[in-house]
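Notes to accompany the following structure.
The values are calculated or read from the model by the stated rules, or taken from the named source; none is laboratory data. Since we're looking at a predicted model, the values are computed, not measured. No Cβ is skipped: glycine too gets one built from the backbone with ideal geometry, and neighbour counts run over all protein chains shown. For the accessible areas, the whole protein counts, side chains as well, though only heavy atoms, and no ligand, DNA or RNA atoms are used. Shrake-Rupley method; radii C 1.70, N 1.55, O 1.52, S 1.80 Å.
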Amino acid sequence: MQVTAAALPPAHGGDAATDGKRGKRRGSYNCGRCGLPKKGHNCTIKTPVSASITPAPPDSSLSVVSIPSSATSGLRHPSSSRRRALSFDDLDESGSGFDPSEQDERMDADLFSETDPDLDLDAESCGLPANLLWDVMRRLPPAGLLSAAKVCRGWRETAKKIWRAAEELKLGVPVKVTVGFVASMLQKCPGIVRLSLRMESDFDSTMLACVAFSCPNLESMEISTFGAATIRINGDELGRFVADKKSLKSLKMEGCSNLGGFVLCSSSLSTLWLSDLHSLSKMVFNCPQLREISLEFSCQENDSTDLTSMIEGLGRSCPRLQNIHIASERLSHSAVLALTAAQLRGLRMLSLVLGSEITDASVAAISSSYPNLELLDLSGSSVSDSGISMICNVFPDTLTRLLLAVCPNVTSSGIQFATFQLPLLEIMDCGMTICDPNLQNPAADENNCKLQKTSVSNVHLINQKLIIKHSRLRKLSFWGCTGLDALYLNCPRLIDLNLNSCTNLHPGRLLLQCPTLENVHASGCQDMLIGAIQSQVRDASYAAMENHSPSKRLPDGSKRVQVPHLLSEESPEPEKKRRRIDRQQHCNVLRG
């Protein structure tokens, strides 16, 4: 995940009247220039002029994150404050060079002690005015901020103010990092409302209690697991955490294989993502504000979760649901009927993945109950061309994203019909729908959820042709379509095309009329096909460049014709404009 941050506002000194009302505050007993005691001391070190120091310009890639006024009590203008979102994604051995396991606990306690919580921004520290010091330190990464706090008392106080102003925290937790280090990081940022943890070690109940205690105003929490890390909390502990966090609005967790069952009650929760679920004895939702839910179950044959009962309860207790994503091999037509009986009037996005028992009858039930869908994902189902016909008849004015990957009963005729009947379509995924049953598809072997169970068994899905002409398609995917023999695309807005593992696609039967293509994925394709793609992409770029040549009207004003730059009386296009056109028309053919 990319680091997001924002610049803090410069700290300006207040006027005399304001300082008088605030009263005189006692400063440091040591000189701010040389560090010697002030008593009987005349410092000969001159303070550099702040106007002669040019601060570093803020990073243009940083995004603005606002902070509440309560978190900026040390600033002079709390109403217009903006801060940077602190990120610890680079807190590992190779990234920042900071080893949290070697952090001395006594130094850490003294470094961030609450001996003097008020920072005098008009004072000077180590020869730098406080406002300039604030402006410099707010640009430091977290590891640099920890190091800067060890320099002197003034830098330590400024660092504490920056930590307290933090509203978003992204923390990478390596395997050797203990709960104590995570707790110390959270205690430095009491105003955190958005927390993201990248766990390489297990997340247990102790870590959850640490988060609950250190982040009283938490609104969003995201936990992602890597390697062998898992979430070791049970459903009761998760339910208590959600119930206690009255301001929690978003919860996203990976590796939830040990929950066993849960009861979630919250009046504020609006987004819930849980993955790697398995054999849940109960799933109770009492979240009236829930608008988006994503439940992904691990692909294990002994899963005993009752999805039909779960969906029935979900429809009764969460009437405001707009986005639903459920991935499970136990999805069936009865689960779809339970969903349609819920009558969720605000439903706009529906994704039911890996349900091989979902058929055209399920599509008919969905179409009759939710005619305003904008996204429909039935990947891994048994939907056929008849189901696609029903989709086209019901959603021509709303559907913008259609995903039918790994649907063995879908043919090229159904795909062409969908692109012709759905004018608003922008994204379409038909991966592994047109497959040669005589070939072992490498794309199926790479899939974690064993999608090869729904592999094609129809012999008629061989050497199929696709002709697609669409004015709004932006992303199109045919990954693993080994039965695709010819492809003709006329999509002026297409920017991404996935042809990975299309091993039977003939180079002479490929035509790409897509001038805005940016990426073509061709991993596992023949070298001749890759060469044909590169040639057509290059020709399209040259044609686009020619279209930008100047044009003039004929003397009679009948029509406008293009004029070469050498024959044109007008000056050619500026060099900057030509470079911009070159960048816009460049297309990457990705082979890996």
With all protein chains present and a 1.4 Å probe, the order of 488, 370 from largest accessible area down is 488, 370
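Excluding residue 473 itself, what net charge comes from residues whose Cβ is under 14 Å from its Cβ, given Lys and Arg +1 and Asp and Glu -1?
Spelling it out: positives minus negatives among the neighbours equals +2.
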Cβ-Cβ cut-off under 14 Å around residue 483, Lys and Arg +1, Asp and Glu -1: the net charge is 0
The long-range amide H neighbours of residue 202, using H built 1.01 Å from N in the peptide plane and a cut-off of under 5 Å, are 230
quick shape note, region 326-393: Cα extents on principal axes in Å, largest first -> 26, 23, 17
With Rg from the Cα atoms and Rh as the Kirkwood inverse mean 1/r over Cα pairs, region 302-358 has an Rg/Rh of 0.95
What the 10 Å binned alpha carbon P(r) of region 361-413 shows, as percent of pairs per bin from 0, is 25, 63, 12
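Using a 1.4 angstrom probe with every protein chain in place, what is the largest-first accessible-area order of 518, 157?
If we order 518, 157 from most to least accessible, we get 518, 157.
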With all protein chains in place and a 1.4 Å probe, residue 436 shows an accessible area in Å² (nearest 10) of 20
Given a 1.4 Å probe, the accessible area of region 469-523 per residue, as a whole number of Å², is 35
Descending accessible area (1.4 Å probe), largest on the left, turns 349, 221 into 349, 221
SASA check, residue 249, accessible area w/ 1.4 Å probe, all protein chains in place, rounded to nearest 10 Å², comes out at 100
Shape descriptors of region 185-289 over alpha-carbon atoms, Rg and Dmax in angstrom, are 13.0, 39
The set of residues whose placed amide H lies less than 5 Å from the amide H of residue 398, leaving out same-chain residues fewer than 5 positions away, is none
Using a 1.4 Å probe on heavy atoms of the protein chains only, the accessible area for residue 479 in Å², nearest 10, reads 50
